[in-house]
Every structure is written in C-alpha cells, then in structure tokens.
C-alpha cells in the first residue's frame, strides 16, 4: 500500500459519522446495507447519508453494488486489512519472529497482524 492511499483512507474516516457508518457496515459483514437502512440505524437524515457514503466510496473504504433502485454498501474489509498490514509491516523492526501471537482470534484478521504487544495489551 502506498502512503497516499493510507492517507486517503484515514481522511475518509476522520468524520465521526463516517466512522460510525464503517463500523456498522463491518458488523453487517457481506450482507451490507442500503443507504436508508444505514441512516435509520444511525438516526441520521438520508440526505446527509448519501454525502458521506459517496466520500467513503470514492476512498474505496466501502464498496457499492446496484440492487434495483437501491445501492448496497459493504465495508471493504480487504482494504482495511491491507491498511493494517501497511501500518504494522515494520513491526519489531522488521523481525516478525519477535512478534507475540494473538491470544484472541478475529475471523477477519490474521493473527500475525498483532505484534510486539505486551501480553496485557492484547
């Protein structure tokens, strides 16, 4: 991942509303949600929602699929995992064998991404 792409991702999530949207979509997994459902779940006006979703889609933080007259949004989990890998690629000064194993497992995150942590931080 290039630094500019990482910066774009962070900029797209720098709004509290967008961060809430992304986290909601992560919880939905592959099912995703249409804009009206997202707005309703977060208690936001639908017109406000389309502005935020457009910005997130441009940054590729979410993917969009046409379903009839609706657009279904899904969190781009592979992009987020790429971002995490980019942020942690220099973990333990480039010596991944020094990284501590994860004690808890997340289904969408490889265990090797949490490294150099103290056991009480895990």
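Key figures
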quantity: Test: residue in segment 98-108 that is modelled with pLDDT of 90 or more, within 21 Å of the chain's Cα centre (by Cα) and either part of a loop (DSSP other than H, G, I, E, B) or not assigned by TED's automatic domain parsing to the domain that holds residue 12 (or both); calculated: no
quantity: Members of segment 35-70 found to be outside any helix (DSSP H, G or I) and closer than 11 Å to residue 18 by Cα, listed by number; calculated: 61, 62
quantity: The listed residue being modelled with pLDDT of 95 or more, in contact with a helix residue (DSSP H, G or I) (Cβ under 9 Å, 6 or more places away or on another chain) and at negative phi, out of 56, 71; calculated: 56
quantity: Sole exception among (1) touching a helix residue (DSSP H, G or I) at 6+ places or on another chain (Cβ under 6 Å); (2) farther than 13 Å from residue 72 by Cβ for residue 43, by number; calculated: (1)
quantity: Exclusive hit being under 18 Å from residue 1 (Cα atoms), modelled with pLDDT of 90 or more and surrounded by 13 or more Cβ atoms within 10 Å (Cβ to Cβ), set 77, 44; calculated: 77
quantity: Residues (free of Cβ contacts under 8 Å to residues at least 12 places away in the same chain, part of a helix (DSSP H, G or I) and farther than 15 Å from residue 81 by Cα) located in segment 8-30; calculated: 16, 19, 27
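The values are calculated or read from the model by the stated rules, or taken from the named source; none is laboratory data. In this text, all values refer to a predicted model and were calculated from it rather than measured experimentally. Don't worry about glycine lacking a Cβ; one is built from the backbone with ideal geometry, like all the others, and counts go over all protein chains shown.
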